[in-house]
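The values are calculated or read from the model by the stated rules, or taken from the named source; none is laboratory data. The shown structure was predicted, so the numbers you read here are calculated from the model rather than taken from an experiment. Note that each Cβ is placed from the backbone with ideal geometry, even for glycine, and that neighbours are counted across all protein chains shown. Only protein heavy atoms, including side chains, enter the accessible area calculation; ligands, DNA and RNA are left aside. Shrake-Rupley method; radii C 1.70, N 1.55, O 1.52, S 1.80 Å.
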Amino acid sequence: ATVTLYAANGTTVITTTTTDASGNYSFPNLAPGDYQVGITPPGGFSNVSSTDASPTDGKTAVTVGSTAVTGVDFGVNEPPVAVNDGVTGQTPGQPATVPNILSNDSDPNGGTLVPGNISLVTPAGATGVTTDGDGDVTGFTVPNQGTWALNPTTGEVTFTPQSGFTGDPTPIQYTVADAA
């Protein structure tokens, strides 16, 4: 990852370096004073706190004195991977359900994925969009097809066709967030 040394204001760049394979880095021969150290995570990763995995801007204030400063650590998070799901054996014109859309998803950081962090991706033209208290999409209607609904407690997703619709509904997508 790229590590940047900033002036105390956090915007003026003094120098940059790259971590080694173990995440170590250094800025030798610094004058005593106040600085900020920031990390630019590798592609696909985001900055999180090194202690509790909460989102952060990736910068830490540091005061350099007459001795070396160590232990300025950062956390990075790779987002979870949502894998497409399907329904088999449904009866045309009847509701169809995926019992838990998280069952085949994974978190490369070893976290636990929970249904409350799922957000359906609203397709173009959808109406009646519903959201939860966090703004995650939990349902919508695809005109001339039917309604998709997520149970944010169980992760169950149900398609209920409109009367007379017996075709295959437009596939939907979703995202899932981990604790970070």
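Computing the accessible area with a 1.4 Å probe over protein heavy atoms, can you report the carbon and sulfur percentage for segment 99-180?
50
For semi-axes √(5λ) of the Cα gyration tensor in Å, which listed value, (1) 48, 18, 17; (2) 48, 15, 12; (3) 42, 28, 17, comes from the coordinates shown?
Structure-derived value, by its label: (2).
Top to bottom by accessible area (1.4 Å), largest first, where do ASP136, ASP85 land?
Per-residue accessible area, sorted high to low, gives ASP85, ASP136.
Compute the separation of the alpha-carbon centres of segment 1-49 and segment 103-180 and state it in Å as a whole number.
Here the two parts' Cα centres lie 39 Å apart.
Evaluate the relative contact order of segment 1-43 (contact order divided by residue number), counting alpha-carbon pairs under 8 angstrom at least 6 apart; express in whole percent.
It rounds to 52 percent for segment 1-43.
Return the carbon/sulfur percentage of the accessible area of segment 1-87, one whole number, probe 1.4 Å, all protein chains in place.
Answer for segment 1-87: carbon and sulfur cover 50 percent of the accessible area.
Normalized C-alpha radius of gyration of segment 103-180, against 2.2 N^0.38 Å?
Normalised Cα radius of gyration, segment 103-180: 1.18.
With contacts defined as alpha carbon pairs under 8 Å and 6 or more residues apart, what's the relative contact order of the chain in percent?
The normalised contact order for the chain reaches 18 percent.
So, for the chain, what is the accessible surface per residue at a probe of 1.4 Å, expressed in square angstrom?
About 57 Å² of surface per residue is accessible.
Under 5 Å between amide H atoms, partner at least 5 residues away or on a different chain: which partners does SER50 have, H built in plane at 1.01 Å?
Residues meeting the criterion, in which the H sits 1.01 Å from N, are GLY75.
Grab the beta carbon distance between SER54 and THR17, set R0 = 25 Å, and tell me the FRET efficiency rounded to 0.05.
0.50
What is the extension gain from ASN104 to THR2, computed as 0.36 nm multiplied by their sequence separation minus the C-alpha to C-alpha distance, in nm to one decimal?
Extra length available between ASN104 and THR2 comes to 33.4 nm.
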